[in-house]
Structure formats: C-alpha cells, structure tokens
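Participant: Below you will find the structure I want to go over with you.
The values are calculated or read from the model by the stated rules, or taken from the named source; none is laboratory data. Keep in mind it's a predicted model, so treat the numbers as computed, not measured. Don't worry about glycine lacking a Cβ; one is built from the backbone with ideal geometry, like all the others, and counts go over all protein chains shown. When the accessible area is computed, the model is the full protein with side chains, heavy atoms only, and any ligands, DNA or RNA have been set aside. Shrake-Rupley method; radii C 1.70, N 1.55, O 1.52, S 1.80 Å.
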Amino acid sequence: MFYGVDLTSRLMLGTAQYPSPAVLLEAIEASGAEIITVSLRREGAAGAAFRNILSESRCRLLPNTAGCHTAREAVTTARMAREVFGTSWIKLEVIGHADTLQPDPFALVEAARVLCAEGFEVFPYTTEDLIVGEKLLEAGCKVLMPWGAPIGSGQGLRNPEGLRTMRAHFAGIPLVVDAGIGAPSQAAQAMEMGLDAILLNTAVAKAVDPAAMARAFGRAIQAGREAFEAGLMPRRDMACASTPVFGLAELA
Amino acid sequence: MRIDLNGEIVRTQARTLADLLIEQGFEAPCVATALNGDFIARSMREATRLDEGMKVEVLSPMQGG
C-alpha cells in the first residue's frame with residue numbers, strides 16, 4: 001500500500017499531546033495502528049520515556065517535519081530524521097500559514113524533489129489541489145496526504161467534493177487524509193469515499209478516554225473501508241418504497 | 001569560544017561537533033545534529049570543526065502528529 005509495505009490497519013496515529021506515555025501506549029494498542037508518527041525536537045524532560053515507547057510499540061515509524069516553514073528546514077529535518085529513526089519514510093510538512101497550518105505547496109514540491117532524489121519515501125501533507133498532487137507525483141512521491149481540515153481543528157472533511165475529485169483523478173495512488181479529523185464518523189466518511197487511510201492525532205489524544213477513542217476510530221475506519229468495498233447505493237432525491245407494491249391489499 | 005546550542009549561548013572548549021556532544025552530555029547515538037541549518041551526519045561529527053558563533057542543533061526523537 002505504501003512504498004511496497006502492506007498493512008492491515010488503515011489508521012496512522014500521531015503520538016503527541018497524550019496525558020501520559022502509558023496512555024499513549026494504550027491508545028496505540030487499542031487503535032490497531034501499525035504506523036505512528038514521530039518528530040525531532042530539542043530534548044525535553046520526557047525524552048527517555050518516549051524512546052522506550054518507540055521500542056515497545058512495534059509500530060513502523062513515520063517521522064514528520066512538523067513546524068518547518070521553508071523547504072530548506074524541511075530537507076534538513078528529514079535528513080536528521082532518517083539518521084535517528086533509521087527509516088527513509090518522511091511525512092513532509094512545509095507550513096505556509098501560522099493560523100491555518102496550511103501547507104505551502106510551492107515549498108512542499110521543492111522539498112519533495114530534493115528528498116525523493118536522495119532516496120526518501122515521501123508522504124507529503126498537501127491540499128486537495130490536483131495540480132499540486134501531479135507535481136508531487138512527478139517529484140517522485142508515491143503517496144499523497146490531503147488535509148481534511150486545518151491541523152488540530154476537528155472539523156472533519158471541509159471539502160468532501162474536492163477529495164472525491166482527487167480520489168477519481170489519482171486512481172491507484174494511495175491517498176491518506178491527514179489532519180482535521182475530529183470524530184470517527186468523519187473518518188468513516190472519508191473511507192466510504194475510497195480514500196485509503198486516515199492519519200490523526202488530536203481527536204484521540206484529547207479525548208476523555210484516548211484508548212477507547214482510538215478503538216472507536218479503528219472500527220469506524222474499518223467499517224468505512226468495508227462499506228466502500230461493498231459498494232454504496234446511489235443517492236436519490238426522491239423517496240422510493242422499499243417494500244414491494246405488488247400484492248398490496250385494497251383496504252380503502 | 002561561544003556558540004549557539006539549541007537556542008542558548010554556551011561557552012565551550014570543544015573544537016569539533018563530536019567533542020561538543022561529549023562535553024555537553026548528549027547521548028551521541030540517540031541524537032541528530034545540524035550546523036548552521038545543515039544536517040551533519042554522525043560520521044562527519046569528528047571532522048566538523050566549530051567556530052565562534054556557530055548555530056548547533058542537537059535533536060532527539062519526540063512525540064509528533
């Protein structure tokens with residue numbers, strides 16, 4: 001599914017903002033996720049505890065370039081991440097605006113070109129813009145990660161029709177909705193549309209019970225996928241009786 | 001000499017990036033390094049000389065979304 005790696009779970013889980021390392025570990029387990037996202041930062045107090053979790057979780061790591069605002073920062077961060085985490089996978093974020101955390105598509109494509117040429121397997125955090133998506137594929141990306149809504153906003157799919165168009169346009173390319181998902185129903189909606197996976201963090205980390213919410217997301221994503229594969233009925237504007245009219249009694 | 005290490009000005013006797021990590025108590029195998037915004041690979045730390053005012057970043061695995 002992603003760069004030659006097949007996975008059972010279609011949920012990727014972020015590791016930030018949990019109340020404690022123990023709760024994070026429970027949430028990872030409950031979610032069924034096989035990929036977790038990580039970052040590089042100046043070492044804080046909880047650094048050693050977090051490294052223990054990484055070795056315990058058995059998940060594949062997807063390091064990010066969160067907080068980078070230029071292609072150069074993102075490229076340097078990606079190179080540092082490859083050495084420390086021992087993976088060529090990189091979730092490439094180049095942020096264009098401080099309030100919306102909207103990706104800067106121009107710097108994103110520039111950084112993707114450099115990194116793909118260096119053998120990175122890039123997961124670009126992008127918008128639903130088709131042309132930006134094309135440029136990212138030309139650069140060498142084999143996955144696209146359109147946003148659902150601004151990071152951490154929990155708004156769900158702000159532009160479902162745009163994502164539907166993206167799905168149709170990029171048939172065969174894995175598409176991951178990254179960011180903005182707040183509720184399991186929103187994740188299921190994206191999966192029903194045929195998007196391949198969901199990456200989320202805040203909705204689980206900030207839930208009252210993160211492990212239970214992680215499990216709920218895992219199930220919703222699985223249900224949404226199964227519904228997509230089963231083929232949803234076409235939508236109608238008018239009612240259409242489901243019970244047969246044939247054989248109806250005359251009682252009037 | 002004085003350098004900027006993770007956003008703080010520190011005085012150091014270290015002449016190379018490798019020496020700086022030892023002097024400042026970092027676990028060298030667990031961190032990634034950058035000098036003036038450019039990545040410095042582990043294998044290059046020994047050969048990377050420090051100069052007055054250089055900006056060094058020493059980063060570790062942390063939580064991320």
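Participant: Considering each of A:Ala139, A:Ala117, A:Ala111, A:Ala45 in turn, give the residue that is within 14 Å of chain B (Cβ to nearest Cβ) and either modelled with pLDDT of 95 or more or buried (at least 17 other Cβ atoms within 10 Å of the Cβ) (or both).
Facilitator: The match here is A:Ala111.
Participant: May I ask you to list the residues in segment A:170-193 that are acidic (Asp, Glu) and either open to solvent by less than 20 Å² (accessible area, probe 1.4 Å) or modelled with pLDDT under 95 (or both)?
Facilitator: The one that is acidic (Asp, Glu) and either open to solvent by less than 20 Å² (accessible area, probe 1.4 Å) or modelled with pLDDT under 95 (or both): A:Asp178.
Participant: Further, regarding this structure: Look through segment B:5-21, keep the residues that are surrounded by fewer than 12 Cβ atoms within 10 Å (Cβ to Cβ) and under 20 Å from A:Leu40 (Cα atoms), and return whichever of them is farthest from the other protein chains (Cβ to nearest Cβ).
Facilitator: B:Glu8
Participant: So which residues in segment A:210-233 are open to solvent by less than 100 Å² (accessible area, probe 1.4 Å) and farther than 18 Å from A:Met12 by Cα, if there are any at all?
Facilitator: Hits for segment A:210-233 are A:Ala227, A:Phe228, A:Ala230, A:Gly231.
Participant: Find the residue count for segment B:40-65, including only residues that are facing another protein chain (nearest Cβ under 10 Å), touching a residue at least 12 places away in the same chain (Cβ under 8 Å) and open to solvent by 50 Å² or more (accessible area, probe 1.4 Å).
Facilitator: Summing the residues that are facing another protein chain (nearest Cβ under 10 Å), touching a residue at least 12 places away in the same chain (Cβ under 8 Å) and open to solvent by 50 Å² or more (accessible area, probe 1.4 Å) in segment B:40-65 gives 1.
Participant: I'd like the full set of residues that are in a loop (DSSP other than H, G, I, E, B) and either among the polar types (S, T, N, Q) or surrounded by fewer than 17 Cβ atoms within 10 Å (Cβ to Cβ) (or both), limited to segment A:155-169.
Facilitator: A:Gln155, A:Arg158, A:Asn159, listed by residue number.
Participant: Which condition number in (1) within 16 Å of the chain's Cα centre (by Cα); (2) within 9 Å of chain B (Cβ to nearest Cβ); (3) over 21 Å from A:Gly4 (Cβ atoms) is the one that A:Thr65 fails?
Facilitator: For A:Thr65, the failing item is (2).
Participant: Just to check your reading of the model, which residue among B:Gly37, B:Gly25 is without any contact (Cβ under 8 Å) to a residue 40 or more places away in the chain, open to solvent by 40 Å² or more (accessible area, probe 1.4 Å) and among the small types (Gly, Ala, Ser)?
Facilitator: B:Gly25
Participant: Restricted to segment A:185-203, and to residues that are more than 13 Å from the chain's Cα centre (by Cα) and not in a loop (DSSP other than H, G, I, E, B), which residue is farthest from A:Arg225 (Cα to Cα)?
Facilitator: Of everything passing the filter in segment A:185-203, A:Ser185 is farthest from A:Arg225 (Cα to Cα).
Participant: Only one of A:Glu34, A:Glu56 is under 16 Å from the mean Cα position of the chain (by Cα) and either at pLDDT 95 or above or not small (Gly, Ala, Ser) (or both); which?
Facilitator: Details: A:Glu56 fails: under 16 Å from the mean Cα position of the chain (by Cα).
Selected residue: A:Glu34, the only one of A:Glu34, A:Glu56 that is under 16 Å from the mean Cα position of the chain (by Cα) and either at pLDDT 95 or above or not small (Gly, Ala, Ser) (or both).
Participant: Considering only strands (runs of 3 or more DSSP E) fully contained in chain B, which possess at least 2 residues that are more than 30 Å from A:Leu13 (Cα to Cα)?
Facilitator: Passing ranges, in order: B:2-5, B:8-11, B:55-63.
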